[in-house]
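For reference, the structure discussed in these notes is given below.
Every number here is computed from the coordinates shown, using simple stated rules; none is lab data. Being a predicted model, the structure only gives us computed values, none of them experimental. A quick note on method: Cβ atoms are made from the backbone with ideal geometry, for glycine too, and the neighbour counts reach across all protein chains shown.
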Amino acid sequence: MSNEKLVHESKNNDTIFINAFEPKRKEVFEYFNKVLFRNYYIFCFSICVAHMVISIAIGRWSDAIRLVVIVLAIVGVAGFVRFRQTEKLFEVQFSSGAIARIKSFNSAFIEIGEGRYEYSHVTKTVNGKKCLFLVVEKSLTIIIKKDAFTKGDYESFVEFLKEKLKDNPKALKGLRKA
């Protein structure tokens, strides 16, 4: 479905930005890598490095090499399994209508389908190549495709968000222009 076919009427008439697109596998994959799996990679890498340093310090090179191989295998298998679970969850949510195609942003709320969220509930922003991810209270991630604005543009949207999130420095951390 193209952006021109997506029609949206805001509940109030002060809508400043509208982002409309059909989420595809590549947006889910970017979300998976940037938001969900990043901390897992960092954790596994940290454990591996710490064990390698200790093993090398006490002269047990074979233990260090063995651990690297084991951790890489676990990260690879776990990453694949977790990605498939995320993809299946995405398909269920998308088919049920839980993942909205249209997001509108007015001066007071973010509107997604029938849901409304205050900007103060945004806890984190993550900037990807083609998407911006707004994490709302750790339970909801809003995917905003940078080139899918039907009202407004991405650069203006970033400035708008900076103003709305200025009281939350952690939420501003990942917010960058294209």
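Each residue, Ser107 and Glu22, gets one label point 7 Å from its Cα in the Cβ direction; the gap between the two is 3.6 nm. In plain terms, the residue of Tyr117, Tyr40 with the fewest other Cβ atoms within 10 Å comes first and the most crowded comes last, giving Tyr40, Tyr117.
Rounded to the nearest 0.05, the FRET efficiency derived from the C-beta distance between Lys170 and Arg116 at R0 = 25 Å is 0.65. Full extension of the chain segment joining Glu87 with Phe29 gains 20.1 nm, where the gain is 0.36 nm per residue of separation less the Cα-Cα distance.
Just the projected area, averaged over all directions, of the convex hull on the alpha carbon atoms of the stretch 119-178: how many nm²?
Mean orientational projected area (the stretch 119-178, Cα hull): 3.7 nm².
Report note on the peptides 17-23, 78-84: ranked by the mean count of other C-beta atoms within 10 Å, highest first, their order is 17-23, 78-84.
Using only the Cα atoms of the stretch 33-93, build the gyration tensor, take square roots of its eigenvalues as a ≥ b ≥ c, and label the shape rounded, prolate or oblate: rounded if a/c is under 1.5, else prolate if a/b is larger than b/c, else oblate. Prolate, because a/c is 1.5 or more and a/b exceeds b/c. For Glu155 and Val53, the difference between the fully extended length at 0.36 nm per residue and the C-alpha to C-alpha distance is 32.3 nm.
Once the Cβ-Cβ distance between Arg38 and Ala73 is put in as r, and R0 is 25 Å, what FRET efficiency do you end up with, to the nearest 0.05?
It comes to 0.80.
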